[in-house]
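In what follows, a structure is listed as structure tokens, so that the remarks can point back to it.
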Amino acid sequence: MGRTRCGVREGQRLGEHVTLGVLTRFVPADVVDAVLRDTGRVAWRARQLLPRVMVYYVMALTLYAHASYDAVLRELVEGLRWLHWDGTALGLACKSAITQARVRLGEAPMRELFRRLARPLAEPGTPGAWYRGRRLVSFDGTTLDVPDLPDLERAFGRPSAPRGHTGFPQLRLLALLETGTHAIFAAVPAGYASSEVHLAREVLAQLGPGMLCLADRGFLGYALWRDAVATGADLLWRVRGGDVLPCLQRLDDGSGLSRLYPSPQHRRRDRDGLTVRVVEYRLPGVPGGDQLYRLVTTILDPAAAPARELAALYHERWEDETVLKEVKVTLPGGPLMLRSRRPDLVRQELYGLLLTHFALRQLMYEASRRADCDPDTLSFVHTVEIVRRNLPFYVAFSP
């Protein structure tokens, strides 16, 4: 897939986009206000920190992950004139007042904002985002540390270790993203003990015809595959080493047809099987590439998707690792521990993190379109630095 690298001129265009106020541009105030009304968060006293202010504040926590609560608020105050900020709340803006305002805001508005705004971004022709007319998407899971507090351990759990437990409680996150733009457009947080396969079922509703969904071997199972097929999306998932998929018919490109069954008993009786196409390959010359890779796909016609192309395409799924690193390391400016000390505020902070990441990725996609280049070739690190530098000054522009 041809990819063009953006130059200095395109980097300047990126900076021009940022000066419009990235948070308020991609998370518009009218949408924020509608969500606040729909979630019953508008009846606050005048001298309290306003709910609309707190929405952007929670997003800004991501950009200034290592600053104190009141320092993050100070970064925003200069740019809040269009929100009718008269400074009266500054006297209340100690850490406890900010926490009380976040509690009043709650998790629901941030979750609903992400649900309404996050979506696939790539238009047809976007480099790296499509395969033969199908939009490339994928899902994967990760974990995030939270403070070592009893309430958070009860809410989310923590990993076990050979001797006792690890240092911090963790929540689990399942993210569905567009591989070409790195835009996360659906996500499900849960406790550490939750199964990623179970969480994946909750994002299947975001799949649909015209998509090609990639997934790692941990997700392949009869029930999840069946439910994903029912969405109308095409699938390309890796197979675990022990999965039994005998070749029933060899195809011209070297791939073969097989059937996926609910259990060995169903296989022996040939009952309720789902026909799949199996692609096998190795990666000679690549460290660890001598192992046998096996993929299964719903695209049964080799002419519609040759085996060699699918083998190359699957490795776009590794973009997931890059995206999750953006969320966990690059955006916060170092290894992330969510700072909130209540379970509801942890989830609120998480959705603020996802909203901010989506806003930055939308910014980068628009800049790449103007520069006529692959979004992958723009630097996420550079984008975060520009936004962090300009946010206090340019958030003042009304959307």
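Brief remarks on what is shown
- Restricting segment 194-219 to residues that are of a type in the set (A, V, I, L, M) and out of contact with any helix residue (DSSP H, G or I) (no Cβ under 9 Å at 6 or more places or on another chain), the residue that is farthest from Val146 (Cα to Cα): Met211
- Any hit, segment 305-315, residues being part of a loop (DSSP other than H, G, I, E, B), open to solvent by 10 Å² or more (accessible area, probe 1.4 Å) and at pLDDT 95 or above: yes
- Residues in segment 362-385 include none that are among the basic types (Lys, Arg), open to solvent by less than 50 Å² (accessible area, probe 1.4 Å) and part of a helix (DSSP H, G or I).
- Test result for Gly210, at pLDDT 95 or above, surrounded by fewer than 19 Cβ atoms within 10 Å (Cβ to Cβ) and closer than 30 Å to Leu378 by Cβ: yes
- Some residue of segment 171-189 being more than 22 Å from the chain's Cα centre (by Cα) and open to solvent by 10 Å² or more (accessible area, probe 1.4 Å): no
- Listed conditions (1) in contact (Cβ under 8 Å) with a residue 12 or more places away in the chain; (2) in contact with a helix residue (DSSP H, G or I) (Cβ under 7 Å, 6 or more places away or on another chain) are all met by Asp272, apart from (1).
- Flag for Leu338 being touching a strand residue (DSSP E or B) at 6+ places or on another chain (Cβ under 9 Å) and either closer than 30 Å to Gly221 by Cα or without any contact (Cβ under 8 Å) to a residue 60 or more places away in the chain (or both): no
- Pair list, Cβ under 6 Å, 6 or more apart: segment 99-118 residue at negative phi and open to solvent by 50 Å² or more (accessible area, probe 1.4 Å), other residue in a helix (DSSP H, G or I) and at pLDDT 95 or above: Arg111/Tyr351
- Of the residues in segment 141-154, at least one is at pLDDT 95 or above and in contact with an Asp or Glu (Cβ under 6 Å, 6 or more places away or on another chain).
- Every condition in (1) hydroxyl-bearing (Ser, Thr, Tyr); (2) farther than 30 Å from Pro343 by Cα; (3) in contact with a Pro (Cβ under 9 Å, 6 or more places away or on another chain) holds for Thr143 except the one numbered (2).
- Annotation note: of Leu63, Leu23, the sole residue that is at pLDDT 80 or above, under 21 Å from Leu360 (Cβ atoms), open to solvent by less than 30 Å² (accessible area, probe 1.4 Å) and under 24 Å from the mean Cα position of the chain (by Cα) is Leu63.
- Where strands (runs of 3 or more DSSP E) fall wholly inside segment 222-293, the ranges with 2 or more residues that are surrounded by fewer than 18 Cβ atoms within 10 Å (Cβ to Cβ) are 256-260, 274-281.
- Residue in segment 122-170 that is surrounded by the most Cβ atoms within 10 Å (Cβ to Cβ), counting only those that are in a helix (DSSP H, G or I) and not acidic (Asp, Glu): Phe156
- Checklist (1) open to solvent by less than 60 Å² (accessible area, probe 1.4 Å); (2) on the phi > 0 side of the Ramachandran plot; (3) not aliphatic (A, V, I, L, M) applied to Arg339, failing item: (2)
Matching residues to (1) touching a residue at least 24 places away in the same chain (Cβ under 8 Å); (2) in contact with a Ser or Thr (Cβ under 7 Å, 6 or more places away or on another chain):
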position: Arg154; (1), (2): no, no
position: Ser160; (1), (2): no, no
position: Gly167; (1), (2): no, no
position: Leu174; (1), (2): yes, no
position: Ser194; (1), (2): no, no
position: Asp216; (1), (2): yes, no
position: Phe219; (1), (2): yes, no
position: Val229; (1), (2): yes, yes
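Okay, residues lined up against (1) in contact with a Gly (Cβ under 9 Å, 6 or more places away or on another chain); (2) at pLDDT below 65:
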residue	(1), (2)
Leu14	no, yes
Tyr57	yes, no
Arg81	no, yes
Thr99	no, no
Glu107	no, no
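The values are calculated or read from the model by the stated rules, or taken from the named source; none is laboratory data. Just so it is clear, the structure is predicted and the values come from calculations on it, not from any experiment. All Cβ positions, even for glycine, are placed from backbone atoms using ideal geometry, and neighbour counts span all protein chains on display. With ligands, DNA and RNA removed, areas are computed over all heavy atoms of the protein, side chains included. Shrake-Rupley method; radii C 1.70, N 1.55, O 1.52, S 1.80 Å.
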